[in-house]
Structure formats: structure tokens, C-alpha cells
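Peer 1: Sharing a structure here in C-alpha cells format.
The values are calculated or read from the model by the stated rules, or taken from the named source; none is laboratory data. Worth saying up front: this structure is predicted, and the values here are computed from it rather than measured. Methodologically, a virtual Cβ is constructed for each residue, glycine included, from the backbone with ideal geometry; neighbour enumeration extends over all protein chains shown. SASA here: full protein model, heavy atoms, side chains in, ligands and nucleic acids out. Shrake-Rupley method; radii C 1.70, N 1.55, O 1.52, S 1.80 Å.
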Amino acid sequence: MKDKTFLMIPGPTPVPERVLLEIAKHPMGHRSSEFSKILESVYSDLKYVFQTSNDVIVYTSSGTGAMDAALSNLINEGDKVLCLAIGNFGQRWAKIAEGLGAQVEKIEVEAGKAINPDELKAVLAKDVNKEIKLVTLTQNETSTGVTNDVKTLVSIIKEHGALSVVDGVTSIGAMDCKMDEWGIDVLVSGSQKGFMIPPGLAFLAASEKAWAVHKECKRPDFYFNWTTNRKSVLENSTAFTPAVNLISGLKVALEMMKEEGLENIIARHTKLAKGLRAALKAMGLTLFVEDEAIASTSITAVLPPEGISVPDIRKIMKNDYDIVVANGQNKLKDKIFRMGTLGFVSERDVITAVGALEATLYKLGHKFELGAGVATLIKYMNK
């Protein structure tokens, strides 16, 4: 059946009808008083979601644009940067920093693992001259379904004196991330994840400590320049022509998020993810991340049953049930598939996806108790 595709991937994520209807309206002038009022609301509500008193800049770009903006406004050639890499997106920080001429050091772990705080502490302890200027890290590594203990890691970075630069692209609006309380210096995110709107917007907030470092940046990016963009935020405007309709949709999405409340949003994501994982295990499937303490509430990575390929699972899920699940990335391509519980996702959606996955695996010959996944999920959701 056409026009019933459901995205159960780490992004883009499903978009509420109220948001879609707002985005579908004729665009308004981006320098009009009407749009300025929308921006005033958006800038205020973004602070609520980021849990910060810092100004939040909105860029017309992907989440990677905000990552680029973070580093291109802080790094001078030759600066030392420590990148904590637990997967594809942690490595992206390193690539951006290297492109800006930084001396990059990495702490890398195997896929499916999180950063050990003791290892970070040991590496920073060796930096007795405090040459490491900033440390990049990922809260939720979408490529593997692993989360870092950002609160603990940031406290270690803060004690050292370096800036903490955090990728919250698939965590903000899905899991707890308290920018001010935890002392995060730079925090970025993207629109097509927990914010429940299509791709095209990115967000960045910086502490006063980070702003002081920015002032010493010799060649800050033109388009992503913090100073230029912050000036516009304070005027309820934008530095350059923005994605007007997406921002209008964002206003509605943020209002929905405030209606639900951050605590409830985080609890919903947690319950859906844990329920999904319980269902998957009941179907005889193996999770890529076995330690629930570091397992994501946005995305769950799953190993296919022996003798059944990831492409076949994804093909039947899409062709027969119009549900899209994600493949693995890079070295994990065709070795895992990933199911999202991110953004505008409800209990009904997960029950539907688990039922479709059961039917898919049954067709592919996987031996398990038919109905075990759905039954387990229903029981979990009603505990």
C-alpha cells in the first residue's frame, strides 16, 4: 500500500501532522515582524530543550554543519584536540578537527563499547602543560546504539580545563542532557531527530567559557560564525536566509515537546527502547550492545539470525510492510540492522514494527515462537 511508509531509523524520523501542516504553508518573509515573533518563540523554547540559559543558534544545515560550526569557531591551526571516538560520528569530529589544522589525538574503543572515564582521566593527566584545548565526544553514537556517560566525562574534562564539545544530534529531545548543570561547553543537535521535523536545521549552544575561546579564533567560519549568528539571535532574526518553513514547523514541534514535558519525553524514549529490546530477545535475536547501562534509547542495533541477511530483512520490511529499518554503517554494513525509537514514535508504532519484524523473520525461516516478541512488548509496556 502506497503512502504508508513508516521510518524506524535514527533519522529522518516521523513528523507529526501538526508540524507537516505548518511546514506546508506559503513561506513568509524572513525579515518580517511575523517571522521575528516565530523566532522569538523558537529561541526561547530551544533553551528549554537544551536545558541551558545560553543562546541557541539555529543554522540552516544538517547536524554535521553544527559540528563544523563548533570546531571552526574554536580551533586555530596547531591546536591540540582530543577526540573520544566510539563509532562513525565520533570519528567525524576528528575529521573536522584535522581539516582545520588541529593536532588530533584519539581515544578509540571497539564498536559497541563506550568510553571508559578512567581512560580519559589517565590521558588528560598526562597533559601536564594543559596543551589539549578541547575534547570532543558523542552522547549517543547512532552507528552502534551506544551512549556515553556525558555527565561524568564532561566533569573530567572540566577538571582538566579543556573545553567539552558534545554531539547531541540524536540525544537532545530523547535522553537527558543538562547543558548548564553538567557544565557542557558546546552542545549541538539537528532537526530530523528528537525535534520531530524534517532535515535542514542544526542547533548550537556555547558556554561563556567557549565564547571567550571563540574570541581568540583567528579564522572563524563566515557562514557559521558564532558572533554574527548570535547577534541575530539577540534581535530575533537570522544572519542569513533561513529555512523559513522548517523554522515555522520547529515552533510547533517545540510547543508539542513542552506540552509533553522533557521528563515525560525522556521516559517515553526509555520505555520504548527497553520494550523493543525485550521483544527482540524474546524472538531469539542478539543485540549488538549487550550492556543495557550503555544502550541507547534512540536506536537499537541488532544482529541478524544465522543464515539470514540484513538486506533480506530490510527488503521484506520495506516491500511487504512499508517499514524502513536502517542498515549498519561502514564496517558494520550488512552485519547489523538498526531500529529507531526516536522522536515522534509511540507504543503503537513499536508494536507494529515488532509484529512486522516477526512476520519478516518467519518468512525468512527464522525459528522462534511466533508472537513471542509482540507478547513480550505488550507485557513490558503494561508493567
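Peer 1: Mind putting a number on the dipole of the chain about its Cα centre? Charges go on the C-beta only, +1 for Lys and Arg and -1 for Asp and Glu, and I need it in Debye to the nearest 20.
Peer 2: Rounded to the nearest 20 debye, it is 540 debye.
Peer 1: Next up: 5 Å is the cut-off here: which amide hydrogens, built 1.01 Å from N in the peptide plane, fall below it relative to residue 185, excluding neighbours closer than 5 in sequence?
Peer 2: Distant-sequence amide H within range of residue 185: 164.
Peer 1: Turning to a different aspect of this structure: Along its three principal axes, how long is segment 1-97 when you only count alpha carbons? Whole Å, largest extent first please.
Peer 2: Reported extents, whole Å, longest axis first: 47, 43, 24.
Peer 1: Hey, what do the phi angles of segment 343-355 turn into as Karplus ³J(HN,Hα) couplings, whole Hz, using 6.51/-1.76/1.60 and θ = phi - 60°, x for Gly and Pro?
Peer 2: Karplus values, whole Hz, x for Gly and Pro: x, 7, 10, 10, 4, 4, 5, 5, 4, 4, 5, 5, x.
Peer 1: Further question: Equivalent ellipsoid semi-axes for segment 139-239, as square roots of 5 times the alpha carbon gyration tensor eigenvalues: give them largest first, rounded to whole Å.
Peer 2: Largest first, segment 139-239 gives 23, 20, 11 Å.
Peer 1: Sticking with this structure for a sec: Put +1 on the Cβ of each Lys and Arg and -1 on the Cβ of each Asp and Glu in segment 85-236; which of 115, 104, 90 then has its Cα farthest toward the positive end of the dipole?
Peer 2: Farthest towards the positive end: 104.
Peer 1: Under 8 Å for C-alpha pairs, at least 6 residues apart: give me the relative contact order for the chain, rounded to a whole percent.
Peer 2: Reported relative contact order: 23 percent.
Peer 1: Turning to a different aspect of this structure: If I take R0 = 30 Å and measure r between the Cβ atoms of residue 352 and residue 25 in this structure, what FRET efficiency does the formula 1/(1 + (r/R0)^6) give, to the nearest 0.05? List each step's numbers first, then the result.
Peer 2: Working: r = 30 Å, r/R0 = 1.00.
So, using R0 = 30 Å, E works out to roughly 0.50.
Peer 1: Protein chains only, probe 1.4 Å: how do 40, 119 rank by accessible area, largest first?
Peer 2: Working: 40 105, 119 80 Å².
Largest accessible area first, the residues go 40, 119.
Peer 1: Taking a 1.4 Å probe, which of 348, 219, 230, 338 shows the most accessible area, and what order do the others take after it?
Peer 2: Result, largest first: 219, 348, 230, 338.
Peer 1: With +1 on the Cβ of every Lys and Arg and -1 on the Cβ of every Asp and Glu, and nothing else charged, how large is the dipole of segment 55-192 about its Cα centre, in debye rounded to the nearest 20?
Peer 2: Approximately 80 debye in magnitude.
Peer 1: Could you tell me the center-to-center distance, by alpha carbons, between segment 314-337 and segment 60-114 in angstrom?
Peer 2: That distance is 27 Å.
Peer 1: Sequence-distant or interchain residues sharing an amide H contact under 5 Å with residue 201, placed H: which?
Peer 2: HN-HN under 5 Å from residue 201: 61, 191, 192.
Peer 1: If you don't mind, there's one more thing I want to ask. Ranked from highest to lowest mean number of other Cβ atoms within 10 Å per residue, what is the order of the peptides 323-332, 84-93?
Peer 2: 84-93, 323-332
Peer 1: Specify which residue in the list 38, 61, 12 is farthest towards the positive end of the charge dipole of segment 1-75, using unit charges on the beta carbon of Lys, Arg (+1) and Asp, Glu (-1), about the Cα centre.
Peer 2: Final value for the positive-end residue is 12.
Peer 1: Whole-Hz ³J(HN,Hα) for each residue in segment 70-87, computed from phi via Karplus 6.51 cos²θ - 1.76 cosθ + 1.60 with θ = phi - 60°, x for glycine and proline: what do you get?
Peer 2: 4, 7, 6, 9, 10, 8, 10, 4, x, 4, 8, 10, 9, 10, 9, 10, 10, x
Peer 1: If you line up the long axis of helix 372-381 against the longest principal axis of the chain, both from Cα atoms, how many degrees apart are they, to the nearest 10?
Peer 2: 50 degrees
Peer 1: Mind running the shape call on segment 224-383? Use the C-alpha gyration tensor, a ≥ b ≥ c as the square roots of the eigenvalues: rounded below 1.5 for a/c, prolate if a/b tops b/c, oblate otherwise.
Peer 2: Prolate, because a/c is 1.5 or more and a/b exceeds b/c.
Peer 1: In whole Hz, what ³J(HN,Hα) sequence does segment 112-118 give by Karplus (6.51, -1.76, 1.60; θ = phi - 60°), x for Gly and Pro?
Peer 2: Karplus values, whole Hz, x for Gly and Pro: x, 10, 10, 5, 7, x, 5.
Peer 1: Give, as a single signed number, the net charge of other residues whose beta carbon lies under 13 Å from the beta carbon of residue 54, with Lys and Arg counted +1 and Asp and Glu -1.
Peer 2: Overall, the nearby charge balance is -1.
Peer 1: Okay, moving on. Hey, what did segment 271-358 get for relative contact order, percent, Cα under 8 Å, at least 6 apart?
Peer 2: Dividing the mean separation by the residue count of segment 271-358 yields 31 percent.
Peer 1: Roughly how many debye, to the nearest 20, is the charge dipole of segment 205-334 about its Cα centre, given +1 on each Lys and Arg Cβ, -1 on each Asp and Glu Cβ, and no other charges?
Peer 2: Charge dipole of segment 205-334: 380 debye, to the nearest 20.
Peer 1: Just to confirm a number: summing +1 for Lys and Arg and -1 for Asp and Glu over residues other than residue 99 whose beta-carbon lies under 14 angstrom from that of residue 99, what do you get?
Peer 2: Numbers: positive: 92, 95, 219; negative: 68, 77, 79, 98, 221.
Every neighbour counted, the sum reads -2.
Peer 1: Could you compute Rg(Cα) / (2.2 N^0.38 Å) for the chain, with N its residue count?
Peer 2: The reported ratio for this selection is 1.00.
Peer 1: Continuing with this model, one more query. Taking H placed 1.01 Å from N in the peptide plane, check which residues at least 5 places from residue 106 or on another chain put their amide H under 5 Å from its amide H.
Peer 2: Sorted by chain and number, the residues that satisfy this are 83.
Peer 1: Also, I was wondering about something else. Any chance you could check the Cα centroid distance between segment 250-276 and segment 2-42 for me, in angstrom?
Peer 2: Comparing the Cα centres of segment 250-276 and segment 2-42, I get a distance of 17 Å.
Peer 1: Can you tell me, using C-alpha contacts under 8 Å and at least 6 residues apart, the relative contact order of segment 76-160 as a whole percent?
Peer 2: Working: 139 pairs, mean separation 31.1, N = 85.
Normalised by residue count, the contact order of segment 76-160 is 37 percent.
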